[in-house]
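Enquirer: Quick one: the structure is below, and I'll ask about it shortly.
The values are calculated or read from the model by the stated rules, or taken from the named source; none is laboratory data. Keep in mind the model is a prediction, meaning the values are calculated, not measured. Quick reminder, even Gly has a Cβ in these numbers, built from the backbone with ideal geometry, and neighbours come from all protein chains shown. Protein only, heavy atoms only, side chains kept; ligands, DNA and RNA dropped before computing areas. Shrake-Rupley method; radii C 1.70, N 1.55, O 1.52, S 1.80 Å.
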Amino acid sequence: MNLTFHWFLPTYGDSRHVVGGGHGLPAGAAGGQRPATLGYLTQIARAAEQLGFEGALTPTGAWCEDAWLTTAMLARETERLKFLVAFRPGILSPTLAAQMAATFQRHAPGRLLLNVVTGGESHEQRAYGDFLDKDARYARTGEFLEVVRALWRGESVTLKGEHVQIEDAKLARVPDPVPPVYFGGSSPAAGEVAARHSDVYLTWGEPPAQVAEKIAWIRELAARAGRSVRFGIRLHVITRDTSAQAWAEAQRLLDGFSEEAVQAVQAGLARSESEGQRRMLGLHGGSTANLEVSPNLWAGIGLVRGGAGTALVGSHAEVAERIGEYHRLGIDEFIMSGHPHVEEAYWFGEGVLPLLADQGLWRHPAAEAGERPATAEVPFVGR
């Protein structure tokens with residue numbers, strides 16, 4: 001099976017430094033250096049498409065632009081790129097979500113992927129009018145996806161669940177194709193929902209041994225439910241022609257973290273209800289020492305950013321080797337990002353992807369579709 005690579009759309013702004021955001025943290029002033037205008041996001045999306053990324057993850061939260069609206073606009077500015085739209089089940093009805101997905105697939109055929117985010121922070125959920133606790137949110141997500149899946153099958157749905165009540169719901173048109181559901185979470189409640197409802201289980205970039213444990217855990221839960229799932233991983237990346245150049249860039253980013261900023265961010269993240277966030281924090285413990293937590297896996301991003309906090313750092317060959325290592329564990333999809341997102345897309349797309357192609361692990365999506373991959377059409381903003 002060929003590997004699939006997705007890029008990331010920083011809908012909270014971009015910079016040559018690490019931009020915060022996620023889990024209720026503000027993006028900070030750095031996000032204003034390259035505001036998340038439609039023009040700039042189009043530049044990233046077109047670069048990702050040309051380089052061979054299958055899709056682009058778009059985050060959700062009060063700290064960024066709305067994912068549905070942004071990607072609907074960007075679909076008009078691109079030709080093939082798919083959009084992994086993150087959304088929260090507690091904020092809209094399952095019938096409306098199923099209808100929105102069908103509309104997206106009709107107007108941008110086959111280009112919608114869905115990242116279901118239950119919501120790890122109660123204070124942020126309350127800002128949207130959601131007052132359930134964490135376990136109840138996961139229970140609601142299960143009911144939500146039960147309704148959505150049935151509607152996509154063309155069924156008429158009535159559900160009187162604990163959290164979701166739907167009566168005589170039916171779609172006028174079902175999505176074609178049905179968008180795959182991506183889902184992540186490290187708590188027991190998250191595992192049950194993932195096993196029963198997800199197509200792709202996502203993990204943040206933990207060391208390989210920990211990722212292997214997660215894969216085994218979800219595989220066992222899915223087997224009990226009579227299902228199988230695919231696996232993906234969310235990572236940042238700093239890749240250069242030599243290992244020394246890559247680590248020098250990581251050090252440059254680290255030098256931009258003030259001690260006060262690290263302490264403030266870590267104090268906020270320590271209050272997180274997310275088990276995945278707790279696992280990210282455990283990799284570095286808030287210290288700038290010993291940030292290479294596994295060969296070429298750097299935990300420095302997580303010092304100032306919530307959510308995914310690790311990056312693959314190294315030469316193109318080293319990064320390709322680490323990707324192969326994760327793949328041998330069972331990871332088939334990789335969601336990557338880097339600061340800034342235009343330049344780092346080129347470093348990865350021109351440096352790492354050709355090596356994986358030579359190994360028979362990856363093909364450009366255009367070639368998979370029998371088309372000729374486009375030549376570079378997006379100007380590279382200097383490297």
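Enquirer: Using a 1.4 Å probe over the heavy atoms of the protein chains, calculate the carbon and sulfur portion of the accessible area of region 236-383 as a whole percent.
Expert: Within region 236-383, the accessible surface is 48 percent carbon and sulfur.
Enquirer: Summing +1 for each Lys or Arg and -1 for each Asp or Glu, what net charge is found among the other residues whose Cβ lies under 11 Å from the Cβ of Ala366?
Expert: -2
Enquirer: Amide H to amide H under 5 Å from Phe53: which residues, 5+ apart in sequence or cross-chain, H placed 1.01 Å off N in plane?
Expert: Under 5 Å from the amide H of Phe53 lies no amide H from a residue far enough along the sequence or on another chain.
Enquirer: Need one word for region 108-167: rounded, prolate or oblate. Basis is the Cα gyration tensor (sqrt eigenvalues a ≥ b ≥ c); a/c below 1.5 gives rounded, then a/b vs b/c decides.
Expert: Note, shape of region 108-167 comes out oblate.
Enquirer: Further question on the same structure: Over all directions, how big on average is the projection of the convex hull of the alpha-carbon atoms in region 60-123, in square nanometres?
Expert: 4.5
Enquirer: Now for a separate question. Take every DSSP beta bridge whose two residues both sit in region 1-125, then give the antiparallel share in percent to the nearest 5.
Expert: Counting only bridges with both partners in region 1-125, antiparallel ones make up about 15 percent.
Enquirer: Using the Karplus equation 6.51 cos²θ - 1.76 cosθ + 1.60 (θ = phi - 60°), what ³J(HN,Hα) coupling, rounded to whole Hz, does each residue of region 159-167 give in order, writing x for Gly and Pro?
Expert: 9, 10, x, 5, 10, 10, 10, 10, 10
Enquirer: Let me ask something else about it. Using the Cα gyration tensor of region 1-91, with a ≥ b ≥ c the square roots of its eigenvalues, what is the shape: rounded (a/c below 1.5), prolate (a/b larger than b/c) or oblate (neither)?
Expert: Taking the square roots of the gyration eigenvalues as a ≥ b ≥ c, region 1-91 is prolate.
Enquirer: Quick one: putting +1 on the C-beta of Lys and Arg, -1 on the C-beta of Asp and Glu, what dipole do you get for the chain around its Cα centre, in Debye to the nearest 20?
Expert: In debye, rounded to 20, the chain gives about 580.
Enquirer: A further question follows. With each pseudo-label sitting 7 Å past Cα toward Cβ, what's the Arg372-Gln165 distance in nm, one decimal?
Expert: 6.1
Enquirer: Related question: Compute the FRET efficiency between Glu350 and Glu259 as 1/(1 + (r/R0)^6), taking r as their Cβ-Cβ distance and R0 = 41 Å, and round to the nearest 0.05.
Expert: Approximately 0.70, to the nearest 0.05.
Enquirer: Need the full-extension length gain, Ala209 to Arg76, defined as separation in residues times 0.36 nm minus the C-alpha distance. One decimal, nm.
Expert: Gain in length upon complete extension: 43.8 nm.
Enquirer: What dipole magnitude, in Debye to the nearest 20, does region 1-97 give about its Cα centre under +1 on Lys/Arg Cβ and -1 on Asp/Glu Cβ?
Expert: Charge dipole of region 1-97: 60 debye, to the nearest 20.
Enquirer: Report in % the part of the accessible area of region 1-108 that belongs to carbon and sulfur, leaving out ligands and nucleic acids; probe 1.4 Å.
Expert: 54
Enquirer: Just the number please: accessible area per residue for the chain, 1.4 Å probe, all protein chains included, in Å².
Expert: I get 40 Å² per residue for this part.
Enquirer: Same structure, new question: Let me have the 222 nm mean residue ellipticity of the chain computed from DSSP H runs of 4+ only, each contributing -39500 (n - 2.57), with the sum over all residues rounded to the nearest 500.
Expert: Estimated from H runs of four or more residues: -12500 deg cm²/dmol.
Enquirer: Round to a whole angstrom and tell me the spacing of the C-alpha centers of region 279-321 and region 228-270.
Expert: Value for the Cα centre distance between the two parts: 5 Å.
Enquirer: Sequence-distant or interchain residues sharing an amide H contact under 5 Å with Phe83, placed H: which?
Expert: Ala56, Leu112, Leu113
Enquirer: Next up: Per 0.36 nm of contour for each residue apart, how much would the distance between Gln245 and Asp332 grow if the chain were fully extended, relative to their Cα-Cα spacing?
Expert: Between Gln245 and Asp332, full extension yields an extra 28.5 nm.
Enquirer: Would you mind counting up the charge near Arg126? Only other residues with Cβ under 13 Å from its Cβ, with Lys and Arg at +1 and Asp and Glu at -1.
Expert: Taking every Cβ under 13 Å from that of Arg126, the sum is -2.
Enquirer: Give the aspartates and glutamates reachable from Lys134 as a straight Cα distance under 15 Å; neighbours fewer than 8 places away on the same chain don't count.
Expert: Straight-distance partners of Lys134: Glu121, Glu124, Glu143, Glu162, Glu192, Glu273, Glu275.
Enquirer: Would you mind classifying region 35-84 by shape? Square roots of the alpha carbon gyration tensor eigenvalues, ordered a ≥ b ≥ c; an a/c under 1.5 is rounded, otherwise it is prolate if a/b is larger than b/c and oblate if not.
Expert: prolate
Enquirer: Ordering His123, His316, His327, His6 from largest to smallest accessible area (1.4 angstrom probe), what's the sequence?
Expert: Greatest to least solvent exposure: His123, His327, His316, His6.
Enquirer: Using a 1.4 Å probe and ignoring any ligands, DNA or RNA, find the accessible area of Asp66 and quote it in Å² to the nearest 10.
Expert: 80
Enquirer: List the residues whose amide H sits under 5 Å from the amide H of Ile238, counting only those 5 or more places along or on another chain, with H placed 1.01 Å from N in the peptide plane.
Expert: When sequence neighbours closer than 5 places are left aside, the close amide H contacts are Leu312, Val313, Gly314.
Enquirer: How much length is gained if the chain between Tyr128 and Asp176 is pulled fully straight, taking 0.36 nm per residue apart and subtracting their Cα-Cα distance, in nm to one decimal?
Expert: Gain on stretching Tyr128 to Asp176: 14.2 nm.
Enquirer: A follow-up question, please. For the chain, report the % of Cα-Cα distances exceeding 38 Å.
Expert: Beyond 38 Å sits 13 percent of the P(r) for the chain.
Enquirer: Which of the trypsin sites (Lys or Arg not before Pro) found in region 37-81 are in a DSSP loop and have at most 13 neighbouring Cβ atoms, other than their own, within 10 Å?
Expert: Arg76
Enquirer: Oh, and also: Of the options Ala62, Tyr12, Gly31, report the single residue whose Cα projects farthest towards the positive end of the charge dipole of region 1-83 (beta-carbon charges: Lys, Arg +1; Asp, Glu -1).
Expert: It is Gly31.
Enquirer: What percent antiparallel are the DSSP beta bridges of the chain, to the nearest 5?
Expert: Counting DSSP beta bridges with both partners in the chain, the antiparallel share is about 20 percent.
Enquirer: In percent, what relative contact order does the chain have, based on Cα pairs under 8 Å that are 6 or more apart in sequence?
Expert: 21
Enquirer: A further question on this structure: Over region 175-327, what is the percentage of antiparallel beta bridges among all DSSP beta bridges, to the nearest 5?
Expert: 25
Enquirer: Turning to a different aspect of this structure: What ranking of Thr95, Thr310 comes out by heavy-atom accessible area, probe 1.4 Å, highest first?
Expert: Correct descending sequence by accessible area is Thr95, Thr310.
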